[in-house]
1. Expressed as a whole percent, how much of the Cα-Cα distance distribution for region 133-252 exceeds 22 Å?
2. Distance between the C-alpha centers of region 101-147 and region 159-216? Whole Å please.
3. Under the rule a/c < 1.5 gives rounded, and otherwise a/b versus b/c splits prolate from oblate, where does region 56-343 land using the Cα gyration tensor?
4. Based on the mean of other beta carbon atoms within 10 Å per residue, what is the order of 212-219, 127-134, most packed first?
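Read-outs throughout are calculated quantities, based only on the coordinates presented, and are distinct from any laboratory measurement. The structure displayed is predicted, hence computed values, not measured ones. Quick reminder, even Gly has a Cβ in these numbers, built from the backbone with ideal geometry, and neighbours come from all protein chains shown.
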Amino acid sequence: MDKKNAVGRGHSRRDALKLFGVVGGSLALHGVLGGMPTFAWASTTLGWQASDMPALTGKRMLVTGGTSGMGFEDALALSGAGAQVIIAARNAQRGAESIERISAQVPDARVRFEQLDLADLASVRSLAQRLNAEREALDVLINNAAIMAPPQRGVSRDGFEMQLATNFLGHFALTGLLLPSLRKSSDPRVVTLASIAVNRGRINFDDLQSENNYNPYTAYAQSKLACLMMAFELQRRSLANDWGIRSVAVHPGVAVTELVERGPGLQSEFAQQWAKDRDVYHSAAQGALSSLFAATAAEAEGGRYYGPTGEEEKRGPLGLAKVPEAAADADDAARLWSVAERLTGVRYG
């Protein structure tokens, strides 16, 4: 293993905290213009709040993982602005409960649930087939769902490392399969959630599935870095192929969500430290601000990366987020794209 680029060899609390900027730092960039990242050191804040969201009547939007955390906050806010919202997640009961919660706050909400297991490509294909068969435009896809740091290496139904499968490959396949519906929109957007963990990530092409050396935090950082690279590469390919898609990457900072509080890998010492420091971080609703901006704001640009701009980007005003050098490598992004096409069997265009 390359000690310089790896997140860490042990499964310690320090490994986990480093992912979220609590320990150490990294060289960073801002945004992507014309398909290429641009260097900058000072964050640019936008002053955008959820109250600035435009009316979304007539818009159709899909949120993966919309039954809890920031995905739920996305679904709630989008419904409140008049959008037709599709919540895609694994658990139908939790989907029904989420719809009840949204309807209680937005009585005229147009929200529905669709079953989706991102770690099962058959489930991904099934959802895409159902939605494409409706022959309606999909205006926004928010690739939000994720799992984080299971302590033991697991594999998906298709044989992929579970975090890579759920966080990256499933979303890669879903986005590609939904291109027909997205391209029916006059302003299609794909919003992909990364994480400040990408600052400690690297794509290990020699052991992408973490078969030789599984570290839960390293695998998580890799999966989220892959998401960020996917978002940038999708924008490049959209421009090259005239797909018209605005691909925007975001991260939520560090928000107190179910993923953090009850995730399978966030137990014992790290969980205790998190609980102790939780007042440093912000809420799921605040964490959702970056994805809501990317999904709805006229000024959200394709090929950009947005997130909180406060201390170490854990929270604070929304603005341009720092892009690690690894995510700015267009050659690696194209290589990763080809690998994802081979693994999922999904080709875009």
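1. Numbers: 2549 of 7140 pairs.
Of the Cα pairs, 36 percent sit more than 22 Å apart.
2. That distance is 17 Å.
3. Working: a/c = 1.31, a/b = 1.12, b/c = 1.17.
Rounded, because the longest to shortest axis ratio a/c is under 1.5.
4. On the way: 212-219: 20.8, 127-134: 15.1.
So the peptides 212-219, 127-134, ranked by packing, come out 212-219, 127-134.
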